[in-house]
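Everything below concerns the one structure shown next.
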Amino acid sequence: MRDPFTGLSDPTRRRILDLLRERPQTSGELAAQFDVAWPTISRHLAVLREAGLVTVERQGTTMLYELNMTVLDDMLKTVFGWTTPTAPKGRSRK
Amino acid sequence: MTDESPVSPATTRLQWLTLVALIAALFAMSWWAYYRLPPMIVLRTLVSGQHDQPESAARVAFTVPAIVAIGVLGNLLAGHWNVLFWPRKALSSRDGGAMWPLAIRMFTIAAAQFIVVQAFTLAAALGLISEIAGLRGAGVTLGIGVAVIGNALPLVTRRNSFVGYRLSVLYDDPDHWRDAQRMAGYFFVGAGLLLAVLFVVAPVLGTRLMIPVIAVTVLAPVLLTRLAAVQRGSA
């Protein structure tokens with residue numbers, strides 16, 4: 001069952017959703033844009049997937065993550081952004 | 001192979017049955033009311049809200065079912081023959097399969113919405129509620145339905161034949177497709193809420209503004225997304 005509140009409550013997860021808005025990405029591509037370890041990002045992705053906010057598709061040996069947010073989810077994310085601390089800035093993309 | 005399998009075949013069958021049952025209920029309700037309506041009726045409805053000419057009982061009773069039947073059948077047949085993508089495109093059956101459960105859910109929401117719209121219309125036609133109450137109820141239901149469907153539009157992430165904005169210009173680029181569905185979602189939610197409020201406050205004005213609001217809502221996302229793609233140089 002969808003649980004957007006859990007998924008959106010963490011600033012890093014909201015930052016991941018912002019990055020996925022640009023295009024679907026692999027966990028490796030996403031992790032490269034943060035200063036935290038890849039397993040941490042992987043755990044956040046698992047939470048987002050459990051919350052129904054992202055879908056994942058296997059492409060060969062990699063997993064491609066894609067945004068799966070309704071308009072209401074997007075509005076909730078904006079509200080969470082106002083009320084909770086902002087995400088650590090990701091590294092600028094190479 | 002997609003890793004997501006949120007909907008089982010049994011659930012999909014149940015959703016199909018629900019959709020068929022809702023459409024059957026809509027026709028049954030309309031048929032039942034048709035034999036109880038006077039031959040000619042002067043009634044403002046969502047479809048004929050701008051004039052006070054007498055209308056036949058058949059038109060009052062069967063306009064909404066006809067719209068639903070043409071909408072659902074037309075959508076399924078157009079999807080089956082892939083006519084909305086012109087020139088014809090080679091669609092991924094995997095993407096179509098991934099979007100199919102969402103398509104059934106959205107058709108079901110639309111059918112349920114039209115049942116309530118029809119119930120308000122027929123109740124007013126039969127004199128069970130006032131004309132304005134019928135118009136208000138039908139309009140608010142329509143607005144909420146548009147908002148609910150719009151809320152789910154950004155979930156149409158894969159190019160397919162059955163649901164979402166299925167135009168050839170959007171199909172050419174997956175990013176373009178996703179952007180259009182997302183933007184359309186916002187337009188639909190905004191327009192739906194606007195219509196709902198409008199029909200609460202001023203139902204007759206709502207009937208006058210309904211068509212222009214829906215026209216802008218349908219066309220604007222395609223034009224804006226296309227414009228953005230041209231500016232990015234991707235179209």
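The values are calculated or read from the model by the stated rules, or taken from the named source; none is laboratory data. Treat the numbers as computed from the prediction; the structure is a model and nothing was measured. As a convention, Cβ positions derive from the backbone with ideal geometry for all residues, glycine included, and neighbour counts pool all protein chains shown.
With the structure loaded, tell me whether residue B:204 is buried (at least 19 other Cβ atoms within 10 Å of the Cβ) and out of contact with any Pro (no Cβ under 7 Å at 6 or more places or on another chain) or whether it fails that test. Judged against the criteria, residue B:204 is not a match. Considering the conditions (1) more than 12 Å from chain B (Cβ to nearest Cβ); (2) surrounded by fewer than 18 Cβ atoms within 10 Å (Cβ to Cβ); (3) modelled with pLDDT of 80 or more, residue A:91 is excluded by exactly one of them, (3).
Hey, does segment B:150-170 have a residue that's within 14 Å of chain A (Cβ to nearest Cβ), aromatic (Phe, Trp, Tyr) and closer than 30 Å to residue B:97 by Cβ? No: zero hits. For segment B:90-106, filtering for residues that are surrounded by fewer than 16 Cβ atoms within 10 Å (Cβ to Cβ) and among the aliphatic types (A, V, I, L, M) leaves 1. Please verify whether residue A:5 is closer than 22 Å to residue A:84 by Cα and not in a helix (DSSP H, G or I), treating the condition exactly as stated. Answer is no for this residue. One residue stands out in segment A:36-65 among those that are part of a strand (DSSP E or B) and more than 9 Å from the chain's Cα centre (by Cα): the one that is farthest from the other protein chains (Cβ to nearest Cβ), namely A:62. Hey, does segment B:41-59 have a residue that's at pLDDT below 80, of a type outside the set (Phe, Trp, Tyr), farther than 20 Å from residue B:117 by Cα and assigned to a helix (DSSP H, G or I)? Checking segment B:41-59: not a single residue is at pLDDT below 80, of a type outside the set (Phe, Trp, Tyr), farther than 20 Å from residue B:117 by Cα and assigned to a helix (DSSP H, G or I).
One residue is enough: does segment B:4-24 have a residue meeting the conditions of a type in the set (A, V, I, L, M), more than 30 Å from residue B:157 (Cα to Cα) and either modelled with pLDDT of 90 or more or under 21 Å from the mean Cα position of the chain (by Cα) (or both)? Yes, segment B:4-24 contains at least one residue that is of a type in the set (A, V, I, L, M), more than 30 Å from residue B:157 (Cα to Cα) and either modelled with pLDDT of 90 or more or under 21 Å from the mean Cα position of the chain (by Cα) (or both).
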